[in-house]
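Any read-out appearing in this document is the output of simple, stated calculations on the displayed coordinates, not a laboratory observation. Because the structure is predicted, anything quoted here is derived from the model rather than measured. Here the Cβ positions follow ideal geometry from the backbone for every residue, glycine too, while neighbour counts run over all protein chains shown.
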């Protein structure tokens, strides 16, 4: 058997008389990949619109289902935690939804983006375009759903008479950019790996479930983690990129660092008593980590996509 490597990073071998060409690496630089994605903005927008239309095709309510489903979910949470299983936290449904909605966006984006290259195999094998744009479009469509779900949350806040912390509200776009960055990075990376290892899309669903409970969404970071554990445990939690995001949304939307427990009538520190600059600082560090991860994801995707057609 004779192997030869050409200038484009192609390795060919003769096996049984049939030559096989394998792309070892892409000659396209990271900068060029980013520019290609930027130049295909219209394609990205078109893919997002198509994905939304296909999901709600022949549906009477159409995209309004994106608002109906969370409205029903929030109503159930309000009945369960507000009327039946009272935990003493005022407007707990708002506290829960502040983190839960953004987590659902993050989880759905990663799970769906992981499988998108395999699901769109027909397009990937026939049309030439930056394939990672499929993962990005999946995250984009989930972003649209999240924006509509925030409208539902806003309506619930009006009904319950719960106002956000207007001073802390600028945290929301920064936190949203942070989670968007990580969703795209993980989506691009895992979508390429899943082409070669199809178990990835199943393993990531299990991993996401574990990750959910390691993020302070249904419990308080400050009261249940910082208040009952060593300082090192708090830093481990803060190393989780979703922790600063969730804390920022809770601080801006729930907006009550200290609450008076409705059951015990005792004041409780439910959110970190940090100055807003601390929240921005944590988000800034997460954003730096997100850009590093995105760069790695694009490089890995670029290296692996050469054999997508063969693997699919």
Report task. Compute the FRET efficiency between residue 159 and residue 236 as 1/(1 + (r/R0)^6), taking r as their Cβ-Cβ distance and R0 = 41 Å, and round to the nearest 0.05. Result -> 0.65
Report summary line: Residue separation between residue 34 and residue 68 times 0.36 nm, minus their alpha-carbon distance, gives in nm 8.6 nm
Requested in this report: Could you please state, rounded to a whole Å, how far the C-alpha centre of the stretch 124-203 is from the C-alpha centre of the stretch 209-270?
Outcome: 22
Report task. State the extension gain, in nm to one decimal, for the chain segment bounded by residue 166 and residue 75, taking 0.36 nm per residue of separation less the distance between their alpha-carbons. Result -> 30.3 nm
Report task. Give me the number: length gained by fully extending residue 53 to residue 218, i.e. 0.36 nm times residue separation minus the C-alpha to C-alpha distance, one decimal in nm. Result -> 56.1 nm
Requested in this report: With everything on Cα atoms, drop me the angle between helix 92-119 and the longest principal axis of the chain, reported from 0 to 90° to the nearest 10.
Outcome: 10
Report summary line: Here, residue 151 and residue 43, labelled 7 Å along Cα→Cβ, have an inter-label distance in nm of 3.1
Report summary line: Taking Cα pairs closer than 8 Å and at least 6 residues apart, the relative contact order of the stretch 29-311 in percent is 27
Report task. Give the order of 78, 211 when sorted by the count of other beta carbons within 10 angstrom, beginning with the fewest. Result -> 211, 78
Query raised in the report: If you take the alpha carbon radius of gyration of the chain and divide it by 2.2 N^0.38 Å, what ratio comes out, to two decimals?
Result: 1.16
Query raised in the report: For the Cα atoms of the chain, what angle does the longest principal axis make with the long axis of helix 171-196, in degrees from 0 to 90, nearest 10?
Result: 40
Report task. Compute the long axis of helix 132-160 from its Cα atoms, compare it with the longest principal axis of the Cα atoms of the chain, and write down the angle in degrees, 0 to 90, nearest 10. Result -> 10
**Report entry** Proxy reagent accessibility, fewest Cβ within 10 Å first, across 79, 127, 193, 139
**Finding:** 127, 79, 193, 139
